Amino acid sequence: MSRFGRRAMPGLLFFCAVPAGFAGSSSIGMVLTNGSFQLDQSKVWGSATLFDGSTIETNVSSSQLRLNSGVSLRLAAATRARVYESRLVLERGIGQLESSKYRIEASSLRVEAAGPGATARVQLAGEKRVVVAARDGAVRVSNSEGVLIARLDSGHEMTFQPQESGATVTKISGILALKDGKFILIDRVTNVTMQLEGTGLEAEVGNLVEVTGTVDSGGPTVPGASQLINVTSIKRLTKSSHAAAAGAGAGAAGGGAAAAAGGLSTGATVAIVGGVAAAGTLGGLAAAHDLPGQGGSPSSTSR
């Protein structure tokens, strides 16, 4: 071996660390940090090659993930996740998605950026509790079956708690409206459109109402609706003349109550959609400029 070859090899091994268990597999990208992290139970400094199914555990610094597909992600300090070519499964801590056409999975939820330029932040906050924030642009949240359960606008965040397996009850509130002869309601907590069927709906069109029901497996026929709900009870909250203003005010008040009460508490305005309870929160996940440990991490890299 030439003298040049002997000198170059150590540097190559440092920048392209490859876990032994993935030898021979195709790389899906790179992970970088200013410091050390665990990659598939091996301690690594600086950077390493990622393979489909790699497990990353950050230490005191955040890590940046750059996939060959162009997807960019970041893991905060003290975070563990398993990364795949099409998704990242968050197991602890906070993950940030900076690309569309990819998703972060946490508990039973799927979080995606709604379009190019959007940034989604996802935090596992205790047992089966997930906080999702739209840092830049809109974010979509779906349940394990891919049913849309929430749309978050930029700067907003929401706390989610999946219900017991098999739960089918839906609880939503908003202005009841007619569209092409069908009843619809845009939930004031999750911003998701539902199609409704049941008795007593005609008398409440234009009113702010609270609806309880069950999901109809037949699915919605109104374009843009997430689910078809068979209404079992409907409660008027405000009459039509003031419904729009009351709905906006109640939604904002509900978010504040949720934050003050610490998320999904009895004091919050809570929706149950697709087997998941959701409440608006006013927290630091959406507002924070950096993630924990991000200050010392590289902002970009080339592949």
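Rule-based calculations on the coordinates, nothing more; no lab input. Note that the coordinates shown come from a computational prediction; the quantities given were computed from them, not determined experimentally. Here the Cβ is made from the backbone with ideal geometry for all residues, glycine too, and neighbour counts use every protein chain on show.
List of remarks:
- Set of lysines near Lys235 by C-alpha distance (under 17 Å), chain-local residues within fewer than 8 positions excluded: Lys171
- The distance separating the Cα centre of region 156-190 from that of region 109-155 comes to 16 Å.
- Cα gyration tensor shape of region 180-237, rounded if a/c is under 1.5, else prolate or oblate by comparing a/b with b/c: rounded
- Ordering of 174-184, 275-285, 197-207 by packing is 275-285, 174-184, 197-207, highest average first (other Cβ atoms within 10 Å, averaged per residue).
- Cα gyration tensor, region 143-202 - rounded (a/c under 1.5), prolate or oblate: oblate
- Straight-line cross-link reach from Lys182 at under 14 Å between alpha-carbon atoms covers these aspartates and glutamates, not counting any fewer than eight positions away in the same chain: Glu197, Glu202, Glu204.
- More than 19 Å apart - percent of Cα-Cα pairs taken over region 20-162: 48 percent
- Charged neighbours of Arg140, selected by a Cβ distance under 10 Å, balance to +2 (K, R count +1; D, E count -1).
- Residue-count net charge about Leu237 - beta-carbon cut-off 14 Å; Lys, Arg +1, Asp, Glu -1: +2
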